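First the structure, in the form of structure tokens, and then the observations on it.
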Amino acid sequence: MKFNTNSNVYIIIYSVVMVVIVAVLLSLAALGLKERQNENILNEKKTQIVKALGYDAATVQYKDVVAEAALLDAEGATVNNDVAKVFEALQDVKGSREAGLFPIFKATDGSVVVPLYGAGLWGPIWGYIALASDMNTVKGIVLDHSGETPGLGAEITTAKHQAMYVGKTVFDGEDLVGITLKKGGAAEGAMHEVDAITGGTKTSDGVSAMIKDCLVSYKPYFAAVKATAEQQVSNELNTENNGK
């Protein structure tokens, strides 16, 4: 049977067949690449965690510095330490928080890394912040964004900006105050402030709010770690005194 290749019916059938074939090929390609894409996403997150801890991700691997990954509940208790589940929660930090699950990464030196998620001027901002074993002093931070203005808000991604957080503290006594990006510059000796981004007020405000809002969710965990450390010190002193 000979088809009239110039007829509308032939053209429509041909177009539909080609669309189906292309769709099938694209679907097969996507499925074939999905595993590799997921692996790349996982490696990217591990790299950011290593950087937040202050290490050079080119020479230090995640497995060498992170002892445990866990999901905490609102009371600071571990509800899941399955690494796959923890990284799955990182795919939607906002949703995980709303569900009462809070990812945390515990480093070999006692420090911890928690994910950050908030809103900048033009879209989401996110990152990771690492606190030393005192659950107060910032070891490092990694920040990123989806659409902040180049040269302005986008400066939060630069090493120069992120270096300003190191050594700052997020608690003022018992109050969790976070880190404020101060317009006009941080006051000399201010432990809870860094310089705001010049011309990036909205992004700076977004980062300030993000850090505090995210860390507040981990406050029960921080308190438990501090209490355990204080008890250990007390036990050691008692042992020492009893031995005299």
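Residues that are under 26 Å from Ala74 (Cβ atoms), part of a loop (DSSP other than H, G, I, E, B) and not acidic (Asp, Glu): does the range 149-158 have at least one? No, every residue in the range 149-158 fails to be under 26 Å from Ala74 (Cβ atoms), part of a loop (DSSP other than H, G, I, E, B) and not acidic (Asp, Glu). Confirm whether Ser111 is surrounded by 19 or more Cβ atoms within 10 Å (Cβ to Cβ) and polar (S, T, N, Q). Considered against the rule, which asks whether it is surrounded by 19 or more Cβ atoms within 10 Å (Cβ to Cβ) and polar (S, T, N, Q), Ser111 comes out as yes. Per the conditions (1) at pLDDT 95 or above; (2) closer than 19 Å to Leu143 by Cα, the sole criterion not satisfied by Asp92 is (1). All told, Gln232 meets the bar of being farther than 24 Å from Lys94 by Cβ, assigned to a helix (DSSP H, G or I) and of a type outside the set (Phe, Trp, Tyr). Of the residues making up the range 114-134, those that are buried (at least 22 other Cβ atoms within 10 Å of the Cβ) and part of a loop (DSSP other than H, G, I, E, B) number 1. The selection criterion, being surrounded by 14 or more Cβ atoms within 10 Å (Cβ to Cβ), out of contact with any Leu (no Cβ under 8 Å at 6 or more places or on another chain) and over 19 Å from Leu131 (Cα atoms), holds for Val83. Just one residue in the set Lys226, Lys139, Lys212 is assigned to a strand (DSSP E or B) and of a type outside the set (Val, Ile, Thr); that residue is Lys139. Given the residues Gly178, Gly199, which is the only one that is at positive phi and surrounded by fewer than 15 Cβ atoms within 10 Å (Cβ to Cβ)? Going through Gly178, Gly199 in turn, just one is at positive phi and surrounded by fewer than 15 Cβ atoms within 10 Å (Cβ to Cβ): Gly199.
The values are calculated or read from the model by the stated rules, or taken from the named source; none is laboratory data. Worth saying up front: this structure is predicted, and the values here are computed from it rather than measured. In this analysis, Cβ positions are derived from the backbone assuming ideal geometry, glycine residues included, and neighbour counts consider all displayed protein chains.
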